[in-house]
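Note sheet for the following structure.
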Amino acid sequence: VTEDRSDLEDLHLYATPREQRFRRFASLEFEGQLYMTPYDFIQAVTNDEPKRAKKWRSLSKQELNQILTETPPVWKGSSKLFRNLNEKGVISYTEYLFLLCILTKPHAGFRIAFNMFDTDGNEMVDKKEFLVLQEIFRKKNEKRERKGDEEKRAMLRLQLYGYHTSTNSVPKTEGEDLVPRSYWDTLRRSTSQALFSDLAERADDISSSLSDTTLLVHFFGKKGKAELNFEDFYRFMDNLQTEVLEIEFLSYSNGMNTISEEDFAHILLRYTNVENTSSYLENMRCRIPEEKGITFDEFRSFFQFLNNLEDFTIAMQMYNFASRSIGQDEFKRAVYVATGVKLSPHLVNTVFKIFDVDRDDQLSYKEFIGIMKDRLNRGFRGYKPIQRYTTFKSCVRKELYSR
């Protein structure tokens, strides 16, 4: 049984950009709730649009149980987990948001994430603690709901959360919404207060009514009684980051051990708001005439650095380079001091050749940070059908004010 997307397409009018993207890539439906498969999730974070127009396929209870039965335990996880599961898995909307959070966090943030879930401080996370995530994201969503047809909004909530919710959101504290908060910030602030609110009680209520997912079974076992330790949690997050990077790298490498410098530039600029990428690509072609290639280790180290971009930004401000350009040695040293990541001389040279448009062998700090913040948050801040980039100053100013 399938349900055509066009039948419910008008619900897009009531959805946020993240919700719209989830609905566009999701391919499964069970008891009114939409789910992504692991394949859908990979597509959503590595492609602009789904490769093929799908219909939401309705799962029977028997089919869902069979899928969950084949889910491996967390200690059998690997950097090929999502590729191995492929279509045999179900990922809910709140889990989709959680996985997106993981993709943009540095390794140092993994401990913070674990401690946010471990609300009783016993160095283990159980299913109930993890399900607080469901309530935190739901409450954030209710605050952002658009006014309109209540019936349509109720249908959208059912699709995303699997149950009808009231529209009575948590009272806002003074000035709370003056600065838009990311889902990571919302998670960080809310889980620390979970034991002192109705969130934990609500998690108990919904755990009995919601269906298990691949992630819940992977973390907490088929009976939901297992607990998640930090080592397994860390390995899962690291594997997910590695898997997405491997998929992007392999899509350009054609079986080789390296990708070209031009392909690296394409990947960096894919999800940014740069209006005219051709000038960057042409600049790099002229200045790196002999292709040496970028290895996967270099590729991964650069994106590990991007996940530490906030610390790097602070370090650059402390170095007082914010208002002027920097050279390669200064850049490499600042990256290492701020993030602990060592970038190879060839990789740094390639980055400079991409972004040094005026060809003075200096890198504009503001320009680079502005573009890379777009790239870092691919799919997390919502995709724009028509990409525009006004000024780098406005982007940097917006980010500084949002802190």
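Whole-Å semi-axes of the stretch 241-320's equivalent ellipsoid, largest first, each the root of 5 times a Cα gyration tensor eigenvalue?
So the equivalent ellipsoid measures 23, 18, 13 Å along its semi-axes.
Restricting to Cα pairs below 8 Å that are 6+ residues apart, what does the relative contact order work out to for the stretch 256-376? Please round to a whole percent.
36 percent
Within the set Lys128/Lys225; Lys80/Lys127; Lys292/Lys353, which residue pairs have Cα atoms separated by over 20 Å?
Lys80/Lys127
Using a Förster distance of 35 angstrom, determine the FRET efficiency expected from the C-beta separation of Asn65 and Asn257, and round it to 0.05.
Step by step, r from the Cβ atoms, then E = 0.25.
If you stretched the chain out fully between Asp297 and Asp358, how much longer would it get, using 0.36 nm times the residue separation minus the C-alpha to C-alpha distance?
19.0 nm
Using the eigenvalues of the Cα gyration tensor, what equivalent ellipsoid semi-axes result for the stretch 1-139 when each is taken as the square root of five times the eigenvalue, whole Å, largest first?
Value: 27, 18, 16 Å, ordered largest first.
So if I restrict to the alpha-carbon atoms in the stretch 256-376, what is the Rg, and what is Dmax, the biggest pairwise distance, in Å?
13.4, 41
Take Asn84, project a point 7 Å from its Cα along the Cβ direction, then tell me which residues of the stretch 29-45 have their backbone nitrogen under 16 Å from it.
Flagged as within label range: 38-39.
Where a number appears in this text, it was derived from the coordinates with a stated rule and is not lab data. None of these values were measured; they are calculated from a predicted model. Glycine also receives a Cβ, built like all others from the backbone with ideal geometry; neighbour counts cover every protein chain displayed.
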